[in-house]
């Protein structure tokens, strides 16, 4: 059997009958590899089935009046209109924004500072890394928040320490001017997770960059600004986006510290806590669903802004 002649260079070879030759072995094995990939993705697809129905159900309920007892009644955009005139919702947004935009930068600065200290090759690195990482595993737990209430209580450890210097400390968790601050300190204390990621990123920076900068007479601060920060910027960007998303979803800390009320004087009324009150205390599930979707829009907007701004300060070393 002869092959067709006169075909241009690079064109697929065809048999005299016009049919293409058999596919190479590598091409024939590709569907088998694809099946293996889909098999590994199967648990994720199965889990998505349990979330996609509530996802779209909440979108429908956001446009209804639903109290969990009667059938949902379609009311259009009234829930979203009501948000514009809800003073407690504005307070919850204020508390959440202050908490996020104060605690996240401070937490990342502390995490980066500790990571740079651990990156200097100290002995027992694994022990220190575990000790610093442990609070991030427990920071959102009920037990730790209860411990925080005891530490910053009127008769807590902090006021006992201040008493040694003749300072009469306030009830940190019961004072509207200080309650949110104690939760910000708790968030900063749980810097272990970004710290471990920073430490991994610092170890990936080639030492030749620091050696070249030192030969050019760059100081330690100059090396940090011109070498460490640019090469670590993708890690900073990742930790920033992750921390922002997590902070906007804060619930447990405010719920436990205030006993579910958001007090004192609504100073710890986080957005998710107010959403919980609307849905499961007042059974206003339609309004709570609308709040959930507004939170999704807020998180998506800030995430998109971070990605848009990333091209101006995130450097990827090729």
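Read-outs throughout are calculated quantities, based only on the coordinates presented, and are distinct from any laboratory measurement. Here the structure is a predicted model, which means the values were calculated and not measured. No Cβ is skipped: glycine too gets one built from the backbone with ideal geometry, and neighbour counts run over all protein chains shown.
Using a Gaussian network model of the chain whose springs link C-alpha atoms within less than 10 Å, name the residue from 52, 299, 205 with the highest mean-square fluctuation.
Checking each option, the largest mean-square fluctuation is seen for 52.
What percent do you get for the relative contact order of region 86-313 when only Cα pairs under 8 Å and 6+ apart count?
So the answer I get is 28 percent.
Would you please classify the overall shape of region 171-318 from the alpha carbon gyration tensor, given that a ≥ b ≥ c denote the square roots of the eigenvalues, rounded means a/c under 1.5, and beyond that prolate means a/b larger than b/c while oblate covers the rest? Mind showing how you got there, number by number?
On the way: a/c = 3.74, a/b = 2.10, b/c = 1.78.
Prolate is the answer for region 171-318, as a/c is 1.5 or above and a/b outweighs b/c.
Just to be sure I understand: with springs between alpha-carbon atoms less than 10 Å apart, which residue in 41, 69, 146 has the highest mean-square fluctuation in the Gaussian network model of the chain?
Of 41, 69, 146, the Gaussian network model singles out 41 as fluctuating most.
I want to verify a result. In a Gaussian network model of the chain, Cα cutoff 10 Å, which of these has the top mean-square fluctuation: 293, 148, 44?
Highest fluctuation of the listed residues: 44.
Please say if region 31-102 is rounded, prolate or oblate, where rounded means a/c under 1.5 for a ≥ b ≥ c the square roots of the C-alpha gyration tensor eigenvalues, and otherwise the choice is prolate for a/b larger than b/c and oblate otherwise?
oblate
What shape does the chain take by its C-alpha gyration tensor, where a ≥ b ≥ c are the square roots of the eigenvalues and a/c under 1.5 counts as rounded, a/b above b/c as prolate, and the rest as oblate?
oblate
Nearest 10 degrees is fine. How inclined is helix 125-138 to the longest principal axis of the chain, computing both from alpha carbons?
70 degrees
Any idea what angle helix 229-248 forms with the longest principal axis of the chain, computed on alpha-carbon atoms, 0 to 90 degrees, nearest 10?
On a 0 to 90 degree scale, this one is about 60.
Just to confirm my numbers, what's the Cα centroid distance between region 115-140 and region 245-318 in Å?
A separation of 28 Å, based on Cα centres.
Can you put 289, 243, 226 in order of Cβ neighbours within 10 angstrom, beginning with the fewest? Mind showing how you got there, number by number?
On the way: 289 24, 243 21, 226 14.
If I rank by nearby Cβ atoms, fewest first, I get 226, 243, 289.
Compute the acute angle (0 to 90°) between the alpha-carbon long axis of helix 142-151 and the principal axis of greatest extent of the alpha-carbon atoms of the chain; round to the nearest 10°.
40 degrees
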